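This report refers to the structure that appears directly beneath it.
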Amino acid sequence: MTAADTSARVDIATHPKSLAVRRFKDSSFIIIGILATLIGLGTLVALVWELAADGAHRLNAQFFWSFPSSNPAEAGILSAWVGSILVILTTAFFAIPIGVLAGIYLEEYAPRNPVTSAIEIAVNNLAGVPSIIFGLLAVGLFVQLLGFGQSILTAGITLALLILPVVIVATREAVRGVPQEIRQAALAVGATKWQATQHHVLPYALPGVVTGVIIGISRAIGETAPLILIGGLTFVAFLPITRPGDATFEVIGAVDEYGAPITPDAVETVRIDHDGVVVMPDFTEMPVVAGQTYELPHGATVQSVATWGDAIASWSPTNWLMSDFTVMPIQMFNWTSRPQAEFLELAAAAGLVLLAITLLMNGMAIWLRYRLRKRIKW
Amino acid sequence: MQILKHAGKAVAAAVAALALSAGAANAQQAFTIQIDGSSTVFPLAEAVAEAFQQQTQGRVRVTVGESGTGGGFRKFCRGETHISNASRPISASEMATCRAAGIQYVEIPVAFDALTVVVHPSNPLRSITVEQLRQIWRPEAQGQVTNWRQVNPSFPDLPLVLFGPGSASGTFDYFTEAVNGRARASRTDYTPSEDDNVIVQGVATNTGGMGYFGLAYYEENHSRLRALAIDSGAGPVEPSRQTAENGSYAPLSRPMFIYINAAALRRPQVQQFAQYFVNNASRYSAQVGYIPLPAAAYQTYLQRVQSRTQGTAFGGRQAIGVTIAEVMARPLIVEPVQQ
């Protein structure tokens with residue numbers, strides 16, 4: 001029995017009423033706290049429940065492997081999820097190195113002066129800028145000025161800028177959390193600052209950095225507004241990925257001064273330069289041979305088949321960067337605004353998939369942090 | 001640190017790949033017809049694009065966006081798209097922008113939509129005059145007209161709860177001009193939404209609710225809503241496919257358009273797609289809930305596509321309550337391109 005306990009007992013004995021009040025406050029806080037927690041959790045459960053009730057029966061293989069369609073029974077999210085993955089890969093490619101390097105520099109190297117403070121304030125403010133503003137920037141800078149067009153590259157860089165503050169702030173927090181003694185020990189045995197950072201600070205900061213990166217990326221996955229602004233499309237019924245040897249067709253009909261092929265006004269005599277195929281106005285095809293002349297009806301398209309060698313030579317593993325695209329949130333947004341109830345079900349199913357991806361990524365962040373922390377032995 | 005070395009190598013490899021691809025990118029892409037614009041026209045364009053790609057077995061790619069009529073024209077007049085979907089004719093300022101950029105276009109009406117005024121099914125009202133609509137929606141009604149009774153003593157004693165499309169919508173532009181006499185002049189104390197399903201939801205759950213949107217949204221929700229017949233002086237007319245097509249559902253039936261870049265129309269792929277659009281617009285309009293034009297109109301517009309006849313029949317103004325026959329009879333105004 002200590003003196004403090006005794007004095008507390010005296011206190012209780014002389015102020016019985018105030019004890020009741022304090023106990024009431026204590027239990028009230030617990031109840032309020034539980035309620036506050038349940039509101040967040042309840043919202044998530046209600047959301048999942050609502051989406052599952054509407055859309056769960058749409059989640060089948062056909063939904064994942066079909067392109068969007070005006071017929072709801074045939075519509076799917078193939079181009080949307082492939083687009084989302086490619087955009088996110090591009091985002092990660094730009095955001096991770098830039099964000100982590102900036103974070104390390106600000107925390108380990110930058111001198112404490114007004115310029116650094118200004119940069120810090122700017123980074124923190126950047127995190128609060130509405131995402132649509134990034135879209136406006138992207139339209140002017142990437143789409144028009146730099147000529148990237150409405151491509152996956154533009155979308156990826158835009159989202160990278162959007163999540164950059166998240167990555168920078170997370171990196172700084174993680175680097176700051178590494179004990180000063182670790183750095184001093186490394187420097188004391190003659191390591192340069194970069195050696196100390198590379199071999200000691202960064203490995204220990206890695207769990208925090210990884211968490212920040214994944215949370216940033218899971219935010220980017222759900223972004224719609226800036227992507228709609230830069231021209232994310234809604235109906236895309238092809239995949240941006242090409243394989244080496246994917247032969248495509250080149251139109252070799254008559255060509256105007258800009259190199260654009262001209263439709264013969266009536267029947268036109270066309271000399272064929274390469275082996276190829278003529279697509280008639282009714283879409284029937286006729287094989288054609290190089291060096292021959294053919295009479296073609298109005299609306300016919302002459303196409304030469306690129307050879308396998310040509311296709312290999314001009315193929316690059318990143319052709320998809322300049323491709324048109326759509327992403328999951330845009331596809332979902334389109335379906336929610338359609339009149340037919342079937343499209344609303346598709347939207348709910350797409351929402352479920354999006355939620356599952358986000359939960360999966362956040363789960364992965366927790367797991368990775370746990371795994372990486374276990375390897376740290378100070 | 002092993003992980004960091006690998007990460008460093010991966011980044012270096014990716015940078016190299018990116019640098020290599022910059023030149024070669026796009027070389028192997030099949031030609032893509034780019035369409036953007038009105039979200040109202042979107043379902044029709046999507047259906048046609050889908051069928052066309054199946055017909056051509058992927059040799060011609062078609063993408064469709066929905067930046068809205070205005071957003072679509074901005075891209076179109078910068079030459080970024082080949083075709084622009086529009087739920088109203090090109091405006092005078094858009095004509096000027098296109099002219100300045102040297103973009104010429106072929107204007108093709110593709111279908112009709114009947115703007116439908118809806119109320120809660122418990123509302124005893126069956127029809128409404130255009131003048132009464134104006135009393136409800138005009139800017140001066142803001143904060144003043146708050147009960148159905150105020151419009152007409154025979155109307156039910158219910159609070160007036162209004163829902164409508166947001167000001168970025170072509171539907172808003174058309175309705176305000178047709179009802180209030182001036183485009184974009186509207187009271188603003190209503191619940192706006194770019195998503196018509198929100199308007200459906202709002203009117204279906206408010207006994208005094210009123211809203212307006214395209215006929216397709218009413219047809220999908222007719223058990224939860226009632227459409228009012230519109231009286232523009234010749235007696236009440238119900239919105240339907242027949243009344244929109246024969247022009248009697250006035251002034252709320254409106255044509256929808258595609259604008260095709262005249263230079264792009266010289267490309268065989270775009271030419272084929274445009275012909276396919278006009279030839280099949282009737283079938284796909286009906287499928288997605290719009291009202292097809294008469295067959296003779298599609299014949300005329302097929303010839304316009306083939307001859308690449310440029311210009312607009314509207315001179316930058318809205319087309320309120322015109323029938324397709326009147327539109328076809330109008331001369332086309334071609335803007336001279338500035339050099």
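The values are calculated or read from the model by the stated rules, or taken from the named source; none is laboratory data. Treat the numbers as computed from the prediction; the structure is a model and nothing was measured. Virtual Cβ from ideal backbone geometry, glycine too; neighbours counted across all protein chains shown. Heavy atoms of the whole protein, side chains included, go into the accessibility calculation; ligands, DNA and RNA do not. Shrake-Rupley method; radii C 1.70, N 1.55, O 1.52, S 1.80 Å.
Compute the long axis of helix B:2-24 from its Cα atoms, compare it with the longest principal axis of the Cα atoms of chain B, and write down the angle in degrees, 0 to 90, nearest 10.
80 degrees
If you split all Cα-Cα distances of the range A:94-216 into 10 Å bins from zero, what percentages do you get per bin, shortest first?
Computed distribution, short to long bins: 13, 36, 30, 15, 5, 0.
Rolling a 1.4 angstrom probe over the protein heavy atoms, how many square angstrom per residue are accessible across the range B:119-245?
Dividing the accessible area of the range B:119-245 by its residue count gives 43 Å².
Just B:SER253, B:SER285, B:SER167 to compare: in a GNM of chain B, with alpha carbon springs under 10 Å, which one fluctuates most?
The residue that fluctuates most here is B:SER167.
Out of all DSSP beta bridges with both ends in the range B:119-245, state the antiparallel percent to the nearest 5.
40 percent
Quick check: the angle from helix B:42-55's long axis to the longest principal axis of chain B, C-alpha only, nearest 10 degrees?
Roughly 40 degrees, rounded to the nearest 10.
Counting protein heavy atoms only and a 1.4 angstrom probe, how many square angstrom of accessible surface do chains A and B bury in total, to the nearest 100?
5100 Å²
Between A:ALA56 and B:ALA168, what is the spin-label point distance in nm, taking each point 7 Å from the Cα along the Cα→C-beta axis?
For the pair A:ALA56/B:ALA168, the computed spacing is 3.5 nm.
Run the quick spin-label model on A:ALA356 and A:ALA290: label points 7 Å from Cα toward the beta carbon, then report their separation in nm to one decimal.
Between A:ALA356 and A:ALA290, the simple spin-label model gives 5.0 nm.
Over the range B:285-339, what percent of the accessible surface lies on carbon and sulfur atoms, probe 1.4 Å?
Whole-percent figure for carbon plus sulfur exposure: 53.
Please give the FRET efficiency for A:LYS25 paired with B:ALA286, using the beta carbon to beta carbon distance and R0 = 45 Å, rounded to the nearest 0.05.
The value I calculate is 0.10.
State the percentage of accessible surface on the range A:42-138 attributable to carbon and sulfur atoms; use a 1.4 Å probe and exclude ligands, DNA and RNA.
Carbon and sulfur atoms account for 75 percent of the accessible area of the range A:42-138.
Starting from 0 in steps of 5 Å, tell me what percent of the Cα-Cα pairs of the range B:119-245 lands in each bin.
It works out to 2, 11, 21, 26, 25, 13, 2, 0, in whole percents.
Taking N as the number of residues in the range A:12-58, what is its Cα Rg relative to 2.2 N^0.38 Å?
With N residues counted in the range A:12-58, Rg over 2.2 N^0.38 Å equals 2.11.
Compute accessible area for the range B:237-268 by itself and then with all protein chains, 1.4 Å probe, and report residues whose area falls by 20 Å² or more.
When all protein chains are present, B:ARG266, B:ARG267, B:PRO268 each give up 20 Å² or more of accessible surface.
What fraction of the DSSP beta bridges in chain B is antiparallel, stated in percent and rounded to the nearest 5?
60 percent
Note the angle between two axes, namely the Cα long axis of helix B:295-307 and the longest principal axis of the Cα atoms of chain B, as a number of degrees from 0 to 90, rounded to the nearest 10.
Here the helix axis deviates by roughly 30 degrees.
For the range B:119-245, with all protein chains present and a 1.4 Å probe, just round the carbon and sulfur fraction of the accessible area to a whole percent.
Within the range B:119-245, the accessible surface is 47 percent carbon and sulfur.
Considering protein heavy atoms only and a 1.4 Å probe radius, which residues within the range B:41-62 exhibit an accessible-area decrease of no less than 20 Å² in the full assembly relative to the chain by itself?
Residues losing area: B:PHE42, B:PRO43, B:GLU46, B:GLU50, B:GLN53, B:GLN55, B:ARG59, B:ARG61.
Compute the distance in nm between two label points, each set 7 Å from the Cα along the Cα-to-Cβ direction, one at A:ALA127 and one at A:ALA341.
In this crude label model, A:ALA127 to A:ALA341 measures out at 4.5 nm.
What FRET efficiency, computed as 1/(1 + (r/R0)^6) with R0 = 60 Å and r the Cβ-Cβ distance, is obtained for A:TRP49 and B:GLU238, rounded to the nearest 0.05?
It comes to 0.95.
Quick one: Debye curve from the alpha-carbon atoms of chain B only, equal weights, vacuum; give me log10 I(q)/I(0) at q = 0.10 Å⁻¹ to two decimals.
Ignoring solvent entirely, the Cα scatterers give -0.64.
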